[in-house]
Protein chains: 2
Amino acid sequence: MADAAGVSLSTASLAFSGNKPVSDATRQRVLGAAESLGYTGPNPLARNLRQGRSGVVGIAVGQLSTAFRDPAALPMLDAVSEVLGAAGLGLLLMGDEDDHARLPLDAVIYDICGRETWAAYDAFVARGIPLVVVEGPTWPGTTFVDIDHRGGSAALARHLHDLGHRRVAVLTLEPSHPQRQREAGLRDVFPDAVVIGACASDHGAAQQLASDWFDSSPDATVLVCQSDVQAAAVVVEARRRGLSVPGDLSVAGFDGVPTPWLDLELTTIAQPLGDKGRAVARAALARIEGDDVEDVLLPVTLRVGSSTGPA
Amino acid sequence: MADAAGVSLSTASLAFSGNKPVSDATRQRVLGAAESLGYTGPNPLARNLRQGRSGVVGIAVGQLSTAFRDPAALPMLDAVSEVLGAAGLGLLLMGDEDDHARLPLDAVIYDICGRETWAAYDAFVARGIPLVVVEGPTWPGTTFVDIDHRGGSAALARHLHDLGHRRVAVLTLEPSHPQRQREAGLRDVFPDAVVIGACASDHGAAQQLASDWFDSSPDATVLVCQSDVQAAAVVVEARRRGLSVPGDLSVAGFDGVPTPWLDLELTTIAQPLGDKGRAVARAALARIEGDDVEDVLLPVTLRVGSSTGPA
DNA sequence: GGCTAGCATCGAAACGATTCGATCGAAACG
DNA sequence: CGTTTCGATCGAATCGTTTCGATGCTAGCC
């Protein structure tokens with residue numbers, strides 16, 4: 001250790017951490033000795049043990065390739081990473097299969113819906129690790145960050161109603177907390193909207209579902225989707241069949257992400273992805289500090305594009 | 001601690017870790033005591049310090065939202081995560097801005113090209129942390145995993161030459177190690193291929209570049225792109241201008257990822273993304289064990305689709 | 001019966017920092 | 001000049017494991 005060159009362990013530690021004042025001369029001596037001995041600074045593992053923190057926050061997103069294929073996931077992840085990084089914390093990706101209960105995490109973010117997919121939830125709760133859940137159900141020991149699914153869907157529904165639409169079809173996500181909220185919002189305006197099927201936010205799956213639906217000679221004048229990816233797939237499939245959007249069918253999405261390969265702007269519910277990520281990260285930070293944290297509900301905005309028109 | 005209920009610390013440790021045999025009766029007693037005292041198993045931080053390992057591998061990908069917007073990034077990330085997870089290691093996302101030198105990482109993967117973006121490289125080398133570089137230049141202390149950019153590009157070029165094409169335009173990535181290799185492969189066949197511009201693998205940017213190029217009344221019969229995302233954007237833009245693909249212009253991509261919103265199959269160089277990820281992860285694991293690791297060069301395959309045709 | 005093996009358990013020494021409280025001088029103050 | 005104060009430094013305790021070597025004990029062997 002560098003203290004062979006002049007000072008005590010405690011002083012050397014202070015010279016590196018700056019937790020207490022150290023005279024300039026001493027600091028120079030310590031840093032110089034470290035340099036010449038090839039000492040590269042405090043061992044992070046030892047620091048972590050002493051401080052009882054790992055400096056790492058886990059984020060569970062289900063299967064990685066599925067989770068990030070949806071463009072809505074990225075801006076949020078970016079924001080989370082940015083806020084945590086600024087606080088000196090790292091972000092650890094938790095796939096859905098591995099046993100992450102043995103890793104030293106300061107907090108865990110669940111960015112998927114459905115309690116059943118919360119890997120290692122019990123272990124984390126038992127160890128007292130703060131949990132932040134995005135768009136999931138509330139659960140003991142958990143801080144909750146959500147967007148206004150229901151209000152957004154209702155706003156979209158009113159927009160469609162104003163355009164004269166009465167026969168509404170819905171392409172849903174697989175059953176989940178946000179999905180239920182969105183359906184409720186839609187039914188506030190269209191109680192008898194008809195669900196044509198459910199799939200993940202995936203272009204191929206949505207296009208297949210839309211194709212089957214078109215085959216059934218539907219009479220709806222608008223198809224409401226649960227993501228812009230789904231909506232884009234529906235537009236592509238409609239056109240492939242010679243249908244015009246919004247002439248023959250109006251299509252609405254959710255999320256408000258760019259779909260640059262379409263030459264129209266989707267009508268969609270834009271959610272504040274960056275705000276959501278920042279709220280999540282701040283909640284995690286606060287809980288790590290031991291502060292009490294309120295659940296967060298973020299507003300969404302209806303963004304009217306050119307994929308919806310008069311019935 | 002649980003040893004208040006019967007045994008010594010060492011035995012309790014063995015009961016949990018299983019590193020040495022412990023009698024069944026003792027194990028039961030230890031586990032029972034742990035249960036009733038609310039002890040949730042060995043503290044990961046302490047274990048890490050003792051063992052000198054954190055169980056976490058970092059992966060640097062540049063800005064997150066940019067890196068993962070490219071669909072080619074995900075299958076590889078998935079494979080990396082799967083192999084590391086099976087070995088009990090976690091994967092930590094390193095954005096390009098933060099100081100990750102203070103985190104306890106067992107190894108670091110650089111999945112971006114260009115030495116200048118290797119955040120904290122010097123610090124990691126100084127601390128003796130194994131580094132694995134994907135598609136980057138070789139560098140001291142580094143294990144290198146790459147695909148055969150040059151051979152793949154040359155194979156594509158021969159395919160185009162066979163189709164009768166002689167006037168070739170190229171849309172490149174920003175300058176980087178793989179980009180240089182790919183250009184070399186192309187020029188093995190078409191020495192005077194003309195570069196029309198460079199951009200990241202991003203739909204919007206590529207479409208803009210293609211648009212400018214079409215405005216210049218080009219005489220090339222084929223446009224070679226460096227990713228399927230770029231190629232898809234070019235196809236979209238060509239059609240928007242009433243050009244047929246491959247009738248008026250052949251288009252080729254790179255990567256071999258699905259482009260479900262196009263109704264044609266891109267001609268492309270398919271790279272083994274899963275294999276690449278697994279090779280990277282295995283290299284990291286081996287280096288963590290202290291083994292010597294050979295650099296890896298993976299083959300690619302030409303996949304002829306319907307976006308290229310006779311000149 | 002004595003000796004050797006082998007198994008289960010234990011004690012103590014790391015792992016490498018941070019941090020609390022004490023000490024020691026020198027400066028400031030009356 | 002005596003006393004207080006403050007800043008810099010130091011010693012020792014602590015974080016919670018894992019692991020090495022030693023110790024007992026039982027069983028097997030000749």
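The values are calculated or read from the model by the stated rules, or taken from the named source; none is laboratory data. All values reported here derive from a predicted model rather than from experimental measurement. Virtual Cβ from ideal backbone geometry, glycine too; neighbours counted across all protein chains shown.
Restricting attention to the range B:188-217, the residues being of a type outside the set (S, T, N, Q), in a helix (DSSP H, G or I) and buried (at least 16 other Cβ atoms within 10 Å of the Cβ) number 8. Return the pair list, or none, for Cβ contacts closer than 9 Å from residues in the range B:16-41 that are within 13 Å of chain A (Cβ to nearest Cβ) to residues that are among the charged types (D, E, K, R) and within 11 Å of DNA strand D (Cβ to nearest atom), at least 6 apart or on different chains. Hits for this filter: B:SER17/B:ARG47; B:THR40/A:ARG127; B:GLY41/A:ARG102; B:GLY41/A:ARG127.
Of all positions in the range B:21-33, none carries a residue that is in contact with a Gly (Cβ under 9 Å, 6 or more places away or on another chain), closer than 30 Å to B:PRO104 by Cα and of a type outside the set (Val, Ile, Thr). Among residues of the range A:130-142 that are small (Gly, Ala, Ser), those with a beta-carbon under 6 Å from a residue that is not in a strand (DSSP E or B) at least six positions away or on a different chain give the pairs A:GLY136/A:CYS113; A:GLY136/A:HIS177; A:GLY141/A:VAL125.
Of the helices (runs of 4 or more DSSP H) lying entirely inside the range A:31-110, those containing at least 3 residues that are within 13 Å of DNA strand C (Cβ to nearest atom) are A:44-51.
So, B:SER8, is that one within 11 Å of DNA strand C (Cβ to nearest atom) and either at the interface with another protein chain (Cβ under 8 Å from one of its Cβ atoms) or at pLDDT 90 or above (or both) or not?
Working: within 11 Å of DNA strand C (Cβ to nearest atom): yes; either at the interface with another protein chain (Cβ under 8 Å from one of its Cβ atoms) or at pLDDT 90 or above (or both): no.
Considered against the rule, which asks whether it is within 11 Å of DNA strand C (Cβ to nearest atom) and either at the interface with another protein chain (Cβ under 8 Å from one of its Cβ atoms) or at pLDDT 90 or above (or both), B:SER8 comes out as no.
When we screen B:VAL222, B:VAL257 for residues that are among the aliphatic types (A, V, I, L, M), away from chain A (no Cβ under 14 Å) and touching a helix residue (DSSP H, G or I) at 6+ places or on another chain (Cβ under 6 Å), the only hit is B:VAL222. Restricting attention to the range A:136-160, the residues that are assigned to a strand (DSSP E or B) and aromatic (Phe, Trp, Tyr) add up to 1. Total residues in the range A:2-28 satisfying the condition of being in contact with a helix residue (DSSP H, G or I) (Cβ under 7 Å, 6 or more places away or on another chain) and not hydroxyl-bearing (Ser, Thr, Tyr): the figure is 11. Residues A:LEU105, A:LEU84: which one is in contact with a helix residue (DSSP H, G or I) (Cβ under 6 Å, 6 or more places away or on another chain) and either more than 9 Å from chain B (Cβ to nearest Cβ) or of a type in the set (A, V, I, L, M) (or both)? Within the list A:LEU105, A:LEU84, the selection yields A:LEU84. Quick one: B:ALA126 ticks every box in (1) closer than 27 Å to B:ARG187 by Cβ; (2) surrounded by fewer than 22 Cβ atoms within 10 Å (Cβ to Cβ) bar one, so which box is it? Failed condition: (1). Please tell me if A:ALA73 is closer than 29 Å to B:PRO44 by Cβ, buried (at least 16 other Cβ atoms within 10 Å of the Cβ), modelled with pLDDT under 90 and out of contact with any Lys or Arg (no Cβ under 9 Å at 6 or more places or on another chain). No; evaluated as a whole, the condition is false for this residue. With respect to (1) assigned by TED's automatic domain parsing to the domain that holds B:GLU135; (2) surrounded by fewer than 22 Cβ atoms within 10 Å (Cβ to Cβ), the lone exception for B:ASP263 is condition (1). When A:ARG303, A:ARG240 are checked against the criterion of being surrounded by fewer than 18 Cβ atoms within 10 Å (Cβ to Cβ) and more than 14 Å from every other protein chain (Cβ to nearest Cβ), a single residue qualifies: A:ARG303. Scanning the range A:218-253 for residues that are more than 22 Å from A:PHE190 (Cα to Cα) and part of a loop (DSSP other than H, G, I, E, B) returns A:ARG241, A:GLY242, A:LEU243, A:SER244. In the range B:46-57, the qualifying residues are those that are near DNA strand D (Cβ under 7 Å from one of its atoms) and crowded, with 16+ Cβ neighbours inside 10 Å, and the one that is nearest to the other protein chains (Cβ to nearest Cβ) is B:LEU49. Name the residues in the range B:13-36 that are more than 11 Å from DNA strand D (Cβ to nearest atom) and surrounded by fewer than 18 Cβ atoms within 10 Å (Cβ to Cβ), would you? Residues satisfying the conditions are B:PRO21, B:ASP24, B:ALA25, B:THR26, B:GLN28, B:LEU31, B:GLY32, B:GLU35, B:SER36.
Can you go through A:ARG166, A:ARG180, A:ARG158 and tell me which one is charged (D, E, K, R) and under 21 Å from A:CYS199 (Cα atoms)?
A:ARG180
Please verify whether the range A:58-68 includes one or more residues that are in the same structural domain as A:VAL132 (by TED's automatic domain parsing), aromatic (Phe, Trp, Tyr) and more than 8 Å from DNA strand D (Cβ to nearest atom). Among the residues of the range A:58-68, at least one is in the same structural domain as A:VAL132 (by TED's automatic domain parsing), aromatic (Phe, Trp, Tyr) and more than 8 Å from DNA strand D (Cβ to nearest atom), which makes the answer yes.
Any chance you could count how many residues in the range A:279-294 are surrounded by 14 or more Cβ atoms within 10 Å (Cβ to Cβ) and not aliphatic (A, V, I, L, M)? I'd like the intermediate steps shown before the answer.
Filtering the range A:279-294 for residues surrounded by 14 or more Cβ atoms within 10 Å (Cβ to Cβ) gives A:279-288, A:293.
Still in the list and also not aliphatic (A, V, I, L, M): A:282, A:287.
Selection size over the range A:279-294: 2.
Each residue in the range A:218-228 was checked for being surrounded by fewer than 18 Cβ atoms within 10 Å (Cβ to Cβ) and under 26 Å from the mean Cα position of the chain (by Cα), and 0 of them qualify. If the condition is being among the charged types (D, E, K, R) and either over 23 Å from the mean Cα position of the chain (by Cα) or surrounded by fewer than 18 Cβ atoms within 10 Å (Cβ to Cβ) (or both), then the range B:162-187 contributes B:ASP162, B:ARG166, B:ARG167, B:GLU174, B:ARG180, B:ARG187. Of the residues contained in the range A:182-196, none is found to be within 23 Å of A:ILE59 (Cβ to Cβ) and touching a residue at least 60 places away in the same chain (Cβ under 8 Å).
Which numbered condition in (1) more than 7 Å from chain B (Cβ to nearest Cβ); (2) more than 27 Å from B:LEU49 (Cα to Cα); (3) of a type in the set (Gly, Ala, Ser) is the only one that A:ALA119 fails? The number of the failed condition is (2).
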